[in-house]
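Taking it in order: structure first as structure tokens, then the write-up.
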Amino acid sequence: MRDFAYARADTAESAVDTLADPGTSVIAGGTELLNWFRLGIAAADRVVDIGGLDELRGIASDGDDLRIGALATLNEIGEHPLVTQAAGALASACLQAASAQIRNRATIGGNVLQRTRCPYFRAEEPLPWPCHKRDPGSGCTSLAGRHERQAIFGWTQDCVAVQPSDPAVALAMLDAQADVLGPAGSRTIPMREFHLTQREAAEAGQPMRETRLEPGELITGYRLPASTDGQAYVKVRERASYEYAIVSAAAAVRLDRTRAAGATDPRRPRQGRQGAQRQGAPRIAAARVALGSVAQRPWRLTLAEAELPGTPLTREALTPVIERAMADAVPLPQNGFKVLMARNAAVRALLAAGGAR
Amino acid sequence: MTLDFTRRVEVTLRLNGRDLTTVVSARTTLLDWLREDIGLTGAKKGCNEGACGTCTVLVDGHRMNGCLTLVVQCEGRSVTTVEGLAGADGVLHPVQQAFAEFDAFQCGYCTPGQLLSAVACIAEGHAADDASVREWMSGNICRCSAYPQITAAVLAAAREEPGR
């Protein structure tokens, strides 16, 4: 592994001060950084350890917000009663990520900064093939080669990778804010805007950029607005546990308790027993839904969110709404199946969040 | 205050119940240190990237991958390896005894990691039934595929010594 010099930060400010030197990396859990050093993805000569900073720890209610410190581990978040009550999709996403022992080390601050799992990217240096992320401008071997796990939104000819974080999808769906500390002080970044697609980065004139976090900035925690919506996180993968998502979906649903679909419409003639049962499906009052592993960022289905209020909570009613919201998907030659799979995951997440079986 | 960066770092920790102080290169992983410097070869190096779980050890009772943990991150902590599981009198830990009784291995390479992971799984209260054991033990790969026997052994040990 890469050799480096090490220091323990005594405050978050002292850690940020060291980041003024671009050859300095932050370590918290270390589950990503150590592998980056092994593969030659990171090239830092200095590592500052923030793992001992109690100010970055903890999960607590803060007025109407749920506050989660950057050093909270995925297992701590996944099993914390405040999170399971107010942010069930996040708890579920955390517990469906990685393995029990990795979740004891991996922190929520570092998790959203993990890099893509594209195998052409995650190879030991010197890379035997071109990869735009490792050697800017060299091209994308995945686009020319195997790409069934890659993006269906926002990719460019230079890179077709996806962001693999499960928690990031839930944070974006729940309108979480990241608290960030930098040389100029603290600021917040909405998690639904935290990551950038390759196209967004290219259009901003910074094609290598993957997040809105500036160099030298440190995530200190997250704030989530309190929510009583039903929530769910659906992860579709090749084995039942300890595997990255092919696609995933996070959803939050508030039901309209005042009327079931069609049941209170006096103009409708009464129907038979079967028809009445069918019409008894609850209607959605408000819903949020985001897809994971379909782009280099969590993908909020904003068109669907605008259309979902009033929609019955049934597979039949939800499917065309999600389909319309995904009409701008541009699958690659080998990953057209991800469009259908993501649509179905979104429908399943909405049904589960709304309490349907 | 400016932080002082060094390549060699003094670390004090407790290993299998014994306090010790050592000086390591900052980049030394807990796994490499246990195997190369201390001579405890129970924790195995399978993938060295957090994918297989053969290097699982306990840090302050929590299971972690030794290959994804630096020794310098264990300052002041208590590390338990498979060598520290049995009693001083040689009596096997109940989880070790259950693995033997249920034949929960074939080649044995993944077993030290499975044992530590199982001890933590039970202590966490995640060994309630077949499904929870399979989910919460998924971070330990067994290429001989002794999973049914491992699951049975963990459940049997949990019945004997239930977690929280």
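The values are calculated or read from the model by the stated rules, or taken from the named source; none is laboratory data. Worth saying up front: this structure is predicted, and the values here are computed from it rather than measured. Methodologically, a virtual Cβ is constructed for each residue, glycine included, from the backbone with ideal geometry; neighbour enumeration extends over all protein chains shown.
Within the group A:Ala100, A:Ala28, A:Ala72, A:Ala91, which residue is modelled with pLDDT of 95 or more, in contact with a Gly (Cβ under 8 Å, 6 or more places away or on another chain), small (Gly, Ala, Ser) and not assigned by TED's automatic domain parsing to the domain that holds A:Ala184? If you could, list the steps in order and put the result at the bottom.
On the way: A:Ala100 fails: not assigned by TED's automatic domain parsing to the domain that holds A:Ala184; A:Ala72 fails: not assigned by TED's automatic domain parsing to the domain that holds A:Ala184; A:Ala91 fails: not assigned by TED's automatic domain parsing to the domain that holds A:Ala184.
Just a single option satisfies the conditions, and that option is A:Ala28.
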Legend entry - Where a residue in the stretch B:111-131 is more than 12 Å from chain A (Cβ to nearest Cβ) and assigned to a loop (DSSP other than H, G, I, E, B) and its partner, wherever it lies, is among the hydrophobic types (A, V, I, L, M, F, W, C) and crowded, with 24+ Cβ neighbours inside 10 Å, with Cβ under 8 Å and at least six apart: B:Ala128/B:Ala158
Inset, instruction - Look through the stretch A:26-51, keep the residues that are buried (at least 21 other Cβ atoms within 10 Å of the Cβ) and more than 10 Å from chain B (Cβ to nearest Cβ), and return whichever of them is nearest to the chain's Cα centre (by Cα). - result: A:Val26
Legend entry - Residue match in the stretch A:12-27 (condition: free of Cβ contacts under 8 Å to residues at least 40 places away in the same chain and under 19 Å from A:Arg105 (Cβ atoms)): yes
Inset, instruction - Scan the stretch A:39-53 residue by residue and report those that are free of Cβ contacts under 8 Å to residues at least 60 places away in the same chain and under 16 Å from A:Ala12 (Cα atoms). - result: A:Val47, A:Val48, A:Asp49, A:Gly51, A:Gly52, A:Leu53
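Condition check: under 29 Å from A:Phe4 (Cα atoms) and buried (at least 24 other Cβ atoms within 10 Å of the Cβ). Does B:Thr69 satisfy that? Let's see the steps before the verdict.
On the way: under 29 Å from A:Phe4 (Cα atoms): yes; buried (at least 24 other Cβ atoms within 10 Å of the Cβ): yes.
It is true that B:Thr69 is under 29 Å from A:Phe4 (Cα atoms) and buried (at least 24 other Cβ atoms within 10 Å of the Cβ).
Just for the stretch B:1-56: of the residues that are touching a residue at least 60 places away in the same chain (Cβ under 8 Å) and of a type in the set (A, V, I, L, M), which one is nearest to the other protein chains (Cβ to nearest Cβ)?
So the first thing to find is which residues in the stretch B:1-56 are touching a residue at least 60 places away in the same chain (Cβ under 8 Å), and the list is B:9, B:11-17, B:42-44, B:46, B:51-54, B:56.
Narrowing the set further to residues that are of a type in the set (A, V, I, L, M) leaves B:9, B:11, B:13, B:15, B:43, B:51.
Values: B:Val9: 6, B:Val11: 11, B:Leu13: 14, B:Leu15: 18, B:Ala43: 12, B:Ala51: 9 Å.
Filtering the stretch B:1-56 for residues that are touching a residue at least 60 places away in the same chain (Cβ under 8 Å) and of a type in the set (A, V, I, L, M), the one nearest to the other protein chains (Cβ to nearest Cβ) comes out as B:Val9.
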Legend entry - Residue count for the stretch A:98-144, restricted to those that are among the polar types (S, T, N, Q), assigned to a loop (DSSP other than H, G, I, E, B) and within 14 Å of chain B (Cβ to nearest Cβ): 3
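From the set of residues in the stretch B:72-108 that are among the small types (Gly, Ala, Ser) and part of a loop (DSSP other than H, G, I, E, B), which is nearest to the other protein chains (Cβ to nearest Cβ)?
Here is the first cut: in the stretch B:72-108, the residues among the small types (Gly, Ala, Ser) are B:76, B:78, B:84, B:86-88, B:90, B:98, B:100, B:104, B:108.
From what's left, part of a loop (DSSP other than H, G, I, E, B): B:76, B:86-88, B:90, B:104, B:108.
Numbers: B:Gly76: 9, B:Ala86: 21, B:Gly87: 24, B:Ala88: 27, B:Gly90: 27, B:Ala104: 18, B:Gly108: 19 Å.
Checking each candidate, the answer is B:Gly76.
Checking the condition under 30 Å from A:Pro119 (Cα atoms), of a type in the set (Ser, Thr, Tyr), not in a strand (DSSP E or B) and not assigned by TED's automatic domain parsing to the domain that holds B:Gly125, which residue from B:Thr2, B:Thr54, B:Thr41 passes? Write out each step before concluding.
Working: B:Thr2 fails: under 30 Å from A:Pro119 (Cα atoms); B:Thr41 fails: under 30 Å from A:Pro119 (Cα atoms).
Step by step, each of B:Thr2, B:Thr54, B:Thr41 is checked, and only B:Thr54 is under 30 Å from A:Pro119 (Cα atoms), of a type in the set (Ser, Thr, Tyr), not in a strand (DSSP E or B) and not assigned by TED's automatic domain parsing to the domain that holds B:Gly125.
Got a number for residues in the stretch A:182-202 being β-branched (Val, Ile, Thr) and either outside any loop (DSSP other than H, G, I, E, B) or more than 12 Å from A:Arg297 (Cβ to Cβ) (or both)? Even if it seems obvious, please write down each step before you answer.
At the first step, the residues of the stretch A:182-202 found to be β-branched (Val, Ile, Thr) are A:188-189, A:197.
Still in the running and either outside any loop (DSSP other than H, G, I, E, B) or more than 12 Å from A:Arg297 (Cβ to Cβ) (or both): A:188-189.
Result for the stretch A:182-202: 2.
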Inset, instruction - Name every residue in the stretch B:1-25 that is surrounded by 16 or more Cβ atoms within 10 Å (Cβ to Cβ) and more than 19 Å from B:Ala43 (Cα to Cα), in order of residue number. - result: B:Leu3, B:Phe5, B:Val9, B:Val11, B:Ser25
